[in-house]
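The values are calculated or read from the model by the stated rules, or taken from the named source; none is laboratory data. Note that the structure is predicted; figures quoted are calculated from it, not measured. All Cβ positions, glycine included, derive from the backbone under ideal geometry; neighbour counts span all protein chains shown.
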Amino acid sequence: GSADLHCDLLVLGAGPGGYSAAFRAADLGLNVVLVERYATLGGVCLNVGCIPSKALLHVAAVMDEVPHLAALGVEFGAPTIHVDKLRGHKEKVIGKLTGGLAAMAKMRKVTTVRGYGHFLDANHVEVEETTGQAQDKTGAKKTIHFKQAIIAAGSQAVRLPFLPDDERIVDSTGALALKGTPKKMLIIGGGIIGLEMGTVYSTLGARLDVVEMLDGLMQGADRDLVKVWQKMNAKRFDNIMLKTKTVGATATAEGIQVQFEGLDGAKSEGTYDLVLQAVGRTPNGKKIAADKAGVAVTDRGFINVDVQMRTNVPHIFAIGDVVGQPMLAHKAVHEAHVAAEVAAGVILGDAQLAKSQFDARVIPSVAYTDPEVAWVGLTEDQAKAQGIKVKKGLFPWTASGRAIANGRDEGFTKLLFDDSEEAHGHGKILGGGIVGTHAGDMIGEIALAIEMGADAVDIGKTIHPHPTLGESIGMAAEVAHGSCTDLP
Ligand code: FAD
């Protein structure tokens, strides 16, 4: 036809979802075009999300370890912070990873097209070429014909409409740009992203206020896990405002003056050098003219899919943040593999591949704060709210040799097993949570145990290396099983 490019599979968006889908599909023999408006591949996660935040959090964690060492007999002087160098380190990390993706795309012969893509119909996407970091449109256009497509357009930060346009008011992308080290910072929204960025800035010297509409920080995690984090981090905060709304703000020479209103009607105010909006993310489903292809988009901008990641238009798939919660990179990657395999299976006529579907039982969540908070599957608070009978095994890190040796024994590991009558005392693991250093690196084992349908004996009898923090998972299972009842 009249298209400039033809492909088997067009992937719209090159975040963790999009690049994973493109690579898997290319490996399976499809001719793939990957459309991305940014200058680099990797999407939010690599450019302005998971990776840059962790590059900065690593530095913060090392800095935060220093005061702990004083109690162990080693003291350091006050740190000297070179913000430009720190920013440079973060940029280097991003460059290494996005450069690696570009090389992998080339190796797999995935054609990347830079620009804004939008659907013309159910078999064509038009791409308006972009250039530079600001994604300016050059005016050049390309039409791409596809047999199948995967929408992986991701999400972007929600902006509170009443906040003034001022460079001291930022979203997570602005915070990661690390323009300087503010003295007084407000975080609007006490979720993972806000608290991670707050950790970085407070370690670099900022005093923090946080305002949250709900009645606790880090929603979704069990309150007993969060309590440990909160106790360890109390010193970072001047003011934790719960059940409170941000209702207005004025930019002044002294700072951003922000007005708050409690759900009880109480009014208050604060002045800040930096305000971070971290009130959630909104999907990009409405910005790609999906309707032209007949793809249904919800009022909120999400695209509904089936277990094979197909939209209501069977040859068009959607994956990642744009299909719904949880908006996490590891979820996007797994959905991507399903969509790519189904897309390739249809063409290859391979019965095995055509059966590919997303059937993850659980998706882990991690707050990479200090200490880290990680959880997967059923939480204790959910079990209580839903009346699900569980047997709990909790192992306090005050009994972990490694945690004590590390001088960081504030954490604990908790496992929850099915304690319903049908389980007959051999209930499978339903969920787990860990608070403590490296909790995020350990939560995968609990996810595996849930996927495998392990019970407390399976986990407790698995020999974990000593002395490790990971041992606490085996110990928590033993506690639940009742063979370790002498613990505190
Ligand atoms: P995205 O990564 O959003 O990628 C979508 C891509 O599509 C973007 O590159 C965008 O430019 C492109 N695009 C959109 N529309 C068009 C169009 N019309 N034309 C061309 N291109 C288009 N998740 C974790 O699992 N762990 C973490 O530690 C973590 N930390 C985070 C920290 C921060 C500060 C933020 C903001 C997010 C974090 N996340 C984390 C979430 C994670 O980044 C997302 O879940 C993940 O990036 C989603 O992947 P995706 O492929 O669906 O979309």
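Quick notes on this one:
- Test: residue in region 27-35 that is closer than 15 Å to residue 101 by Cβ, in contact with a strand residue (DSSP E or B) (Cβ under 9 Å, 6 or more places away or on another chain), at pLDDT 95 or above and part of a loop (DSSP other than H, G, I, E, B): no
- All positions within region 295-312 that are outside any loop (DSSP other than H, G, I, E, B) and of a type in the set (Ser, Thr, Tyr): none
- Candidates 42, 88, 115, 95: the one that is in contact (Cβ under 8 Å) with a residue 60 or more places away in the chain and closer than 28 Å to residue 329 by Cβ is 115.
- Qualifying helices (runs of 4 or more DSSP H) (wholly inside region 321-413; at least 1 residues being within 13 Å of the ligand (Cβ to nearest atom) and either of a type in the set (D, E, K, R) or out of contact with any helix residue (DSSP H, G or I) (no Cβ under 8 Å at 6 or more places or on another chain) (or both)): 329-348
- Number of residues in region 231-270 that are without any contact (Cβ under 8 Å) to a residue 60 or more places away in the chain and surrounded by 18 or more Cβ atoms within 10 Å (Cβ to Cβ) equals 5.
- Subset of region 61-79 that is more than 20 Å from residue 199 (Cβ to Cβ) and not hydrophobic (A, V, I, L, M, F, W, C) - its residue that is farthest from the ligand (Cβ to nearest atom): 73
- Some residue of region 211-219 being at negative phi and either within 12 Å of the ligand (Cβ to nearest atom) or in a strand (DSSP E or B) (or both): yes
- Residues in region 301-317 that are surrounded by fewer than 15 Cβ atoms within 10 Å (Cβ to Cβ) and touching a strand residue (DSSP E or B) at 6+ places or on another chain (Cβ under 7 Å): 0 in all.
- Residue in region 271-280 that is surrounded by fewer than 17 Cβ atoms within 10 Å (Cβ to Cβ), within 14 Å of the ligand (Cβ to nearest atom) and under 30 Å from residue 125 (Cα atoms) present: yes
- Failed item, numbered, when residue 20 is tested on (1) more than 16 Å from the ligand (Cβ to nearest atom); (2) among the hydroxyl-bearing types (Ser, Thr, Tyr); (3) modelled with pLDDT of 95 or more: (1)
- From the options 8, 84, residue that is outside any loop (DSSP other than H, G, I, E, B), surrounded by 15 or more Cβ atoms within 10 Å (Cβ to Cβ) and away from the ligand (no atom under 16 Å from the Cβ): 8
- When we screen 89, 58 for residues that are touching a helix residue (DSSP H, G or I) at 6+ places or on another chain (Cβ under 8 Å) and either near the ligand (Cβ under 10 Å from one of its atoms) or not charged (D, E, K, R) (or both), the only hit is 89.
- Where strands (runs of 3 or more DSSP E) fall entirely within region 95-183, those with at least 2 residues that are within 30 Å of residue 278 (Cα to Cα), more than 10 Å from the ligand (Cβ to nearest atom) and of a type outside the set (Val, Ile, Thr) are at 136-151.
- Total residues in region 25-48 satisfying the condition of being under 23 Å from residue 95 (Cα atoms), surrounded by fewer than 24 Cβ atoms within 10 Å (Cβ to Cβ) and either more than 6 Å from the ligand (Cβ to nearest atom) or not basic (Lys, Arg) (or both): the figure is 5.
- Residue 14 meets each of the listed conditions (1) in a loop (DSSP other than H, G, I, E, B); (2) more than 16 Å from the ligand (Cβ to nearest atom) apart from (2).
- Cβ pairs under 6 Å, 6+ apart, first in region 456-467 and under 17 Å from residue 400 (Cβ atoms), second part of a loop (DSSP other than H, G, I, E, B): 464/470
- Test: residue in region 194-210 that is in a helix (DSSP H, G or I) and farther than 19 Å from residue 172 by Cα: no
- Of the residues making up region 220-265, those that are assigned to a helix (DSSP H, G or I) and of a type in the set (D, E, K, R) are 223, 224, 227, 231, 235, 236.
- Tally of residues being farther than 20 Å from residue 290 by Cβ and of a type outside the set (A, V, I, L, M, F, W, C) across region 9-37: 7
- Region 202-241: number of residues that are out of contact with any strand residue (DSSP E or B) (no Cβ under 6 Å at 6 or more places or on another chain) and acidic (Asp, Glu): 3
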